[in-house]
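Participant: For reference, the structure I am asking about is given below.
The values are calculated or read from the model by the stated rules, or taken from the named source; none is laboratory data. The shown structure was predicted, so the numbers you read here are calculated from the model rather than taken from an experiment. For neighbour counting, all protein chains shown are included, and Cβ atoms are generated from backbone atoms with ideal geometry for every residue, glycine included.
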Amino acid sequence: MNANPPVANTSVAILAAGLGTRMRSKRAKVLHRAGGLALAEHVVAAARAIAPPDRIVVVTGHQAEDVEALLRPSGVSFVRQDPPKGTGHAVECCRELLENVPGLLMILYGDTPLLSAATLQQLREAQERSDAAATLITTTLDDPSGYGRVIVDEHGNVEAIVEHKDCMPEQREIRIINSGIYCFKAELLWRHLGDVQPNPISGEFYLTDMAVIFRRNGHSVRALHIEDSSALLGINTRVELAEADRLLRHRKAQELMLAGVTIEHPETVAIDASVSIGTDTVIEPGVRLLGHTHIGEDCRIGAGAIVESSVIEDGAAVGPYTVISNSRIEKGAQAGPFSRLRPGAHMGPGSHVGNFVELKNTYLGAGSKSQHLTYLGDAKIGAGTNIGAGTITCNYDGERKYETKIGDRAFVGSHSTIVAPVEIGDDTYIGAGSVITEGVPPGALALGRGQQVNKPGWVEKRRQKTKQKKSSSANE
Ligand code: UD1
Ligand code: CA
C-alpha cells in the first residue's frame, strides 16, 4: 500500500463533446484557445492536480479525433458520445468505464478554462464533509443570462437547477448560477442517472436534472458558493473567449511580475501559460511570448517582438518588432530590431543580427555579426565572422536545399551572393559584391565580380555629342 494515499478516491469526467453552437465556428468549442492553450487543456490541467490521469475520462464527440489527439499526451482516457444528446447523456456514456469505480466522481465541463486546482480541492473537501449525494459550485453573477439558475432552500440545500431557456420570468431574476462543476457520490449518481428524461423543448438529457431526482429519492444536494465568479466563467461565445483569454493573460503576467520579471504595460502583453522567464528580465509593451518559450535572466524583449517556442538565454536582447520561432539565442546575443529568426536559427553567445536579417536553419557562431538586410539559410557560420549588409546565401535551386559553411574570423563583403553548396574557410575575405560559386581556402581573398573599367573624359564627350545632335535637328 502507498504510505500517502490520495485524499479520497476521486475520478473525474470532463464533458467535451459539444460543438458549441453559440461560438458560430466549424471547430469544436473546446479546441478554441485562450491563454495559449485549448479550453479543454486548461480543464485537464486542473483535473490532473486532483486525480491521476488514469482516473480522468474525457467525453468527446464533435471533432473527437482532434480533441483526443490534443489531450492524449496527458494520459487521460476517452469515451465517445455520438451524437451528443446533452450533459446528462455525456455522463451516461462514461458508465461502462466508471460505474464500478467507488468513491467520488467529479464532473467538469470542458469549456471552463479558468478553473483552478485549488477550487476543485475545495469542492472535494466540501463533499467529503457532507452527507449529501452531491455538491456543486455556485456563484452570483450580475448578468446570469445563459447559465442554469440554482434554487436553494432555507437550509442551503439545492432544490433545483433551471436552465436559462426553461426559466419562468421570476426565475430569470435569480442571480445564483450553476458553474457546471460537481462532485458526486459515484455510486448514487450511477444508481439514479438513468432517471433523467429528455428536456421537452430541446430533447437533450440535462445533468442538472439530477438535483430534483436526488431530492425525490431522499438525498440532498449542497451548494458550495464561491465569491470570485471570474474563475468559473463558462465559454459559450467568442466574446467570453476573449474575456477568458484576457483573464488568463492577466493571471500569467501577475505571476511573472511577482516572481521578479518587469513587464511594461502588462495589459498589452500576451504570454502563454507554458512560458518561463528569469528574474530581472524586462518585457516591453506589445510583446507576444508563445508556446514553450524559455527566457533567461537579465534579458530585454523589445516592444512588439513575437517569440514562439524558443530559448533565449541569460543577458540576451531581442530588439523591437523581431519575430522568432523555434530558435535559440545564447547568452548575451542580440537580435533586432526588425530581425526574423525562422525555425532552426541558432545564435551563438554574444552574436548579433540586425534589421531585416533573416536566419533559417542557420548557426551563427560566437561573437559573429550580421547587421543589415541579409538572408542566411542552411548555413553554419563560425566565430568572430562578419557578414556584410545585403549578403544572401542561395540555398535553394528550385528543387533542393544546400548548405553554406563559413569559417571563423571571415569577412564577407557587402552584397555578396553565396551559391550553395559552398565552403568558405577561416580567416577569409570576400570582396563586396562577389558571387561566390566555388570554395574559398583559408586565408584567401575571393573576388567574384566583373572588373571595373574607368573611361576618362567620357561624360564630357557624350554631352558634346548630344549638343551636336540637337543643333543639327533644329537646322532641318
Ligand atoms: C451548462 C449547464 C448550466 C450551467 C453552465 C455552466 C446543463 C444542462 N447546463 O449549460 O446549468 O450554468 O453549463 O457553464 O448542463 N457537452 C457534452 N455533450 C453534450 C452537451 C455538452 O460533452 O451532449 C459538453 C460541452 O462540450 C461543454 C459542456 O458539456 O464543454 C457544457 O455544455 P454547454 O452546452 O456549454 O452547456 P451550457 O448551456 O453552458
Ligand atoms: Ca457552457
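Participant: Those residues that are closer than 23 Å to PRO83 by Cβ, within 16 Å of ligand 2 (Cβ to nearest atom) and either among the basic types (Lys, Arg) or surrounded by 23 or more Cβ atoms within 10 Å (Cβ to Cβ) (or both), I need them from region 21-43; list them, please.
Facilitator: Going through region 21-43, the residues closer than 23 Å to PRO83 by Cβ turn out to be 21-32, 38-40, 43.
Subset that is within 16 Å of ligand 2 (Cβ to nearest atom): 21-25, 27-32, 38-40, 43.
Once the filter is applied, which keeps residues that are closer than 23 Å to PRO83 by Cβ, within 16 Å of ligand 2 (Cβ to nearest atom) and either among the basic types (Lys, Arg) or surrounded by 23 or more Cβ atoms within 10 Å (Cβ to Cβ) (or both), region 21-43 yields ARG22, ARG24, ARG27, ALA28, LYS29, VAL30, ALA38, LEU39, ALA40, VAL43.
Participant: Okay, next question. Take the residues in region 170-187 that are within 10 Å of ligand 1 (Cβ to nearest atom) and of a type in the set (Gly, Ala, Ser); name whichever of them is farthest from SER229 (Cα to Cα).
Facilitator: Per the stated criteria, the residue is GLY180.
Participant: For region 433-448, enumerate the residues that are buried (at least 17 other Cβ atoms within 10 Å of the Cβ) and either more than 18 Å from ALA383 (Cα to Cα) or not aliphatic (A, V, I, L, M) (or both).
Facilitator: At the first step, the residues of region 433-448 found to be buried (at least 17 other Cβ atoms within 10 Å of the Cβ) are 434, 436, 440, 446, 448.
Answer for region 433-448, where residues must be buried (at least 17 other Cβ atoms within 10 Å of the Cβ) and either more than 18 Å from ALA383 (Cα to Cα) or not aliphatic (A, V, I, L, M) (or both): SER434, ILE436, ALA446, GLY448.
Participant: Another question, if that's okay. Hey, among the residues in region 113-141 that are within 16 Å of ligand 2 (Cβ to nearest atom) and crowded, with 23+ Cβ neighbours inside 10 Å, which one's farthest from HIS155 (Cα to Cα)?
Facilitator: Initial filter on region 113-141 (within 16 Å of ligand 2 (Cβ to nearest atom)): 113-115, 136-139, 141.
Add one more test, that the residue is crowded, with 23+ Cβ neighbours inside 10 Å, and what stays is 113-115, 136-139.
On the way: PRO113: 31, LEU114: 30, LEU115: 27, LEU136: 15, ILE137: 16, THR138: 15, THR139: 17 Å.
Out of the qualifying residues, it is PRO113.
Participant: Next up: Considering only residues that are more than 10 Å from ligand 1 (Cβ to nearest atom) and over 19 Å from the mean Cα position of the chain (by Cα), which ones fall in region 7-43?
Facilitator: So the first thing to find is which residues in region 7-43 are more than 10 Å from ligand 1 (Cβ to nearest atom), and the list is 7-12, 24-27, 31-38, 41-42.
Correct list: VAL7, ALA8, ASN9, THR10, SER11, VAL12, ARG24, SER25, LYS26.
Participant: What number of residues within region 180-211 satisfy the criterion of being within 16 Å of ligand 2 (Cβ to nearest atom) and of a type in the set (D, E, K, R)?
Facilitator: Of the residues in region 180-211, 1 are within 16 Å of ligand 2 (Cβ to nearest atom) and of a type in the set (D, E, K, R).
Participant: Being of a type in the set (Gly, Ala, Ser) and within 16 Å of ligand 2 (Cβ to nearest atom) is the filter here, so list the residues in region 48-84 that pass it.
Facilitator: Filtering region 48-84 for residues of a type in the set (Gly, Ala, Ser) gives 49, 51, 61, 64, 69, 74-75, 77.
Of everything in region 48-84, just one residue is of a type in the set (Gly, Ala, Ser) and within 16 Å of ligand 2 (Cβ to nearest atom), namely GLY61.
Participant: Just checking, which of THR237, THR262 is within 16 Å of ligand 1 (Cβ to nearest atom) and β-branched (Val, Ile, Thr)?
Facilitator: Numbers: THR262 fails: within 16 Å of ligand 1 (Cβ to nearest atom).
Answer to the selection: THR237.
Participant: Using beta carbons and a limit of 7 Å, which pairs, at least six apart or on different chains, have the first residue in region 109-120 and within 19 Å of THR208 (Cα to Cα) and the second one near ligand 2 (Cβ under 9 Å from one of its atoms) and in a helix (DSSP H, G or I)?
Facilitator: Here the result reads ASP111/LYS29, each pair linking region 109-120 to a residue that is near ligand 2 (Cβ under 9 Å from one of its atoms) and in a helix (DSSP H, G or I).
Participant: Given ALA51, ALA46, which one is more than 16 Å from ligand 1 (Cβ to nearest atom), buried (at least 20 other Cβ atoms within 10 Å of the Cβ) and of a type in the set (Gly, Ala, Ser)?
Facilitator: Working: ALA46 fails: more than 16 Å from ligand 1 (Cβ to nearest atom).
Unique residue meeting the criteria: ALA51.
Participant: Something else: Among the numbered conditions (1) closer than 20 Å to THR208 by Cα; (2) away from ligand 2 (no atom under 16 Å from the Cβ); (3) in a loop (DSSP other than H, G, I, E, B), tell me where SER11 comes up short.
Facilitator: (3)
Participant: Can I ask one more? Do any residues in region 234-250 that are away from ligand 2 (no atom under 15 Å from the Cβ) have Cβ atoms under 8 Å from those of residues that are part of a helix (DSSP H, G or I) and modelled with pLDDT of 95 or more, where the two are at least six apart or on different chains, and which pairs are they?
Facilitator: That search, which allows pairs on different chains as well, returns LEU248/HIS42; HIS250/PRO266; HIS250/GLU267.
Participant: From the list ILE176, ILE161, which one is in contact (Cβ under 8 Å) with a residue 12 or more places away in the chain, surrounded by fewer than 20 Cβ atoms within 10 Å (Cβ to Cβ), closer than 24 Å to GLY18 by Cβ and touching a strand residue (DSSP E or B) at 6+ places or on another chain (Cβ under 9 Å)?
Facilitator: Details: ILE161 fails: surrounded by fewer than 20 Cβ atoms within 10 Å (Cβ to Cβ).
On inspection, the qualifying residue turns out to be ILE176.
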